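Accompanying notes for the structure given below.
Any read-out appearing in this document is the output of simple, stated calculations on the displayed coordinates, not a laboratory observation. It should be emphasised that the depicted structure is a prediction, and the values quoted were computed from it without experimental measurement. Note: ideal-geometry Cβ built from the backbone for every residue, glycine included; neighbour counts use all protein chains shown.
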There are 2 protein chains.
Amino acid sequence: MQFKELDADRLDTAANMLKAIAHPMRIAILKHLEGGKKLTVTQIHELLGIEQSTTSHHLGILKDKGVLCSRREGKNTFYYLKHDVLSQVVDCLERCTCGE
Amino acid sequence: MQFKELDADRLDTAANMLKAIAHPMRIAILKHLEGGKKLTVTQIHELLGIEQSTTSHHLGILKDKGVLCSRREGKNTFYYLKHDVLSQVVDCLERCTCGE
DNA sequence: ATTAAATATTTATATATTTGCATTTGTAAT
DNA sequence: ATTACAAATGCAAATATATAAATATTTAAT
């Protein structure tokens, strides 16, 4: 068992990570970042058609919870997946939401 | 691409499913149900040390969002994973929360 | 030093979630 | 029909989350 004894801290960490992902806009963001892609706040805000501040907020949550990383280059900040494995979470869901 | 056009309804469905899972107690529940195990409300409530009504509530959420199924047998109601694939979501998380 | 562009933060409001207690419903046995 | 156990529901208080408008910060160019 990888969660040693279902330790409360690890459950919290995992739950927070999942909670970060569990939002329609944030899933959409992850989908756009699959395969190691890197996008700026503005690009995402335009792709999704949501407010800049809202976009930044969502990205902040994903970064804070360890789902994304960011790297500033000049005026732009590029966001990208921290663990590419995380695409699997979304992919797994897709499989489950298909045949219903 | 499996989400056809990142369709809003599918994003919602996926988000709701993830939201259902994204809670420490509910992740703990899933861990106990891995491998096709079936447990009653009381068993889970005792395993986790939380209130019966709280347990039932969590199970209701997981069932409602398509994560669990239930089957009544006499006075007991057994809960179990609807898609065993879903263990992968938890497993994937474990992998991501290990080396940090 | 000004200006402009890209991000981030603050703030306020609306909405949703979590939890336990008390109650109710469902099922089986006497 | 009464009793007992299992599970679900209604409720209320505490807490958390989402959104957008306004503001602030960071960086680059002039």
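Charge dipole of the stretch B:1-78 (Cα centre as origin; +1 on each Lys and Arg Cβ, -1 on each Asp and Glu Cβ, all else neutral): 280 debye, rounded to the nearest 20. Across the identical copies, the label point of A:Ile50 (7 Å from Cα in the Cβ direction) is separated from its matches by 2.6 nm, in order from shortest. Between A:Ile50 and A:Tyr80, the modelled label-to-label distance comes to 2.3 nm, taking each label 7 Å out from Cα in the direction of the beta carbon. Shown in residue order for the stretch A:72-85 are the 3J(HN,Hα) couplings computed by the Karplus curve 6.51 cos²θ - 1.76 cosθ + 1.60 at θ = phi - 60°: 7, 9, x, 6, 9, 10, 8, 10, 7, 4, 6, 10, 5, 3 Hz (x for Gly and Pro).
With N as its number of residues, the protein assembly as shown has a Cα radius of gyration that, divided by 2.2 N^0.38 Å, comes to 1.08.
For the stretch B:29-98, the pair-distance distribution built from all alpha carbon pairs, in bins 10 Å wide starting at 0, is 21, 52, 25, 3, 0 percent.
If you average the sequence gap of Cα pairs under 8 Å that are 6 or more apart and divide by the length of chain B, what percent do you get for the contact order? The normalised contact order for chain B reaches 28 percent. Database remark: amide H of B:Leu39 closer than 5 angstrom to the amide H of B:Tyr79 (H placed geometrically; neighbours at sequence offset of 5 or more, or on other chains; Pro and chain starts carry no H).
Straight-distance candidates among the lysines for linking to B:Lys38, with alpha-carbon spacing under 26 Å and chain neighbours fewer than 8 residues away dropped: A:Lys4, A:Lys19, B:Lys19, B:Lys63, B:Lys65, B:Lys75, B:Lys82.
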